[in-house]
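What follows is one structure encoded as C-alpha cells, with my remarks underneath.
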Amino acid sequence: MTTQGRRPGGLTALAVLNFVFSGLGLLGVLALVAVFGMMDTLKHSAANAHDREVLEAFANMPTALWAMMIISSVIVAALLIIAGVGYLKMRRWGRMIGNAYALLSVATQIVEVVTIPSELGGGVGIGTIIGLVYPVLTLIFINTTFKEELSS
C-alpha cells in the first residue's frame, strides 16, 4: 500500500515497458507493411529454395490475415501507450485499458497460432511464449499488486 500521490516504482516500470513495447510493435508494423509491399521483389531475389518457399507462403496468406495482423498490432500499440499514461497518472482507466491491451494481445496470439502456416512460424513456439508473457504479467500486476493504486 502506498501513500496518496506516490506512484510505486513497479508501476512506473510497467508504464515504461508499455512505451518500449509499443514502439517495438510499431516498428514491427512498419516491417510487416514493407514486406507486404515488396513481396514480388523479395520472391525473385531469394537466394535458395527454402527462402522462396517461405516467401511464397507469405505471399499466399489471405489479405484479411495481413490486415488483421497490421490492424491488431496498431491497436495493441495504441492501447499500450494509453495504458502507460494511465499508469503514470495512477488512474482507473489506465487499468481498464491495460486489461483491454492484455486480453486483445492474448487473443491475437491465439489467432496467429491457429491461422499462420507452420512454415512461417505458426504454431506454438518461442515467439508465442514471449508474446504471451508480458500481457499475462500485465493482467496479474494491474489486477493484484497495483489494483489499489489504479482505482481512482
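We did not get these values from a lab; they are worked out from the coordinates using the rules stated. Everything numeric here is computed off the predicted structure, so don't read it as measured data. Quick reminder, even Gly has a Cβ in these numbers, built from the backbone with ideal geometry, and neighbours come from all protein chains shown.
Counting only DSSP H runs of at least 4 residues, each contributing -39500 (n - 2.57), and dividing by the residue count of the chain, the helix-based mean residue ellipticity at 222 nm comes to -25000 deg cm²/dmol. Placing unit charges on the Cβ atoms only, positive for Lys and Arg and negative for Asp and Glu, gives the stretch 9-145 a dipole magnitude near 780 debye about its Cα centre.
Taking Cα atoms only, the orientation of helix 92-115 departs from the longest principal axis of the chain by about 20 degrees. Across the options ILE82, ILE110, GLY25, the greatest Cα extent toward the positive end of the charge dipole of the stretch 18-117 (unit charges at beta carbon of Lys, Arg, Asp, Glu) belongs to ILE82. Per residue, the convex hull spanned by the alpha carbons of the chain comes to 102 Å³.
Only Cα pairs under 8 Å and 6+ residues apart enter the sum, and on that basis the relative contact order of the stretch 24-152 stands at 24 percent. For the chain, the longest principal axis of the Cα atoms and the long axis of helix 126-140 meet at an angle of about 20 degrees.
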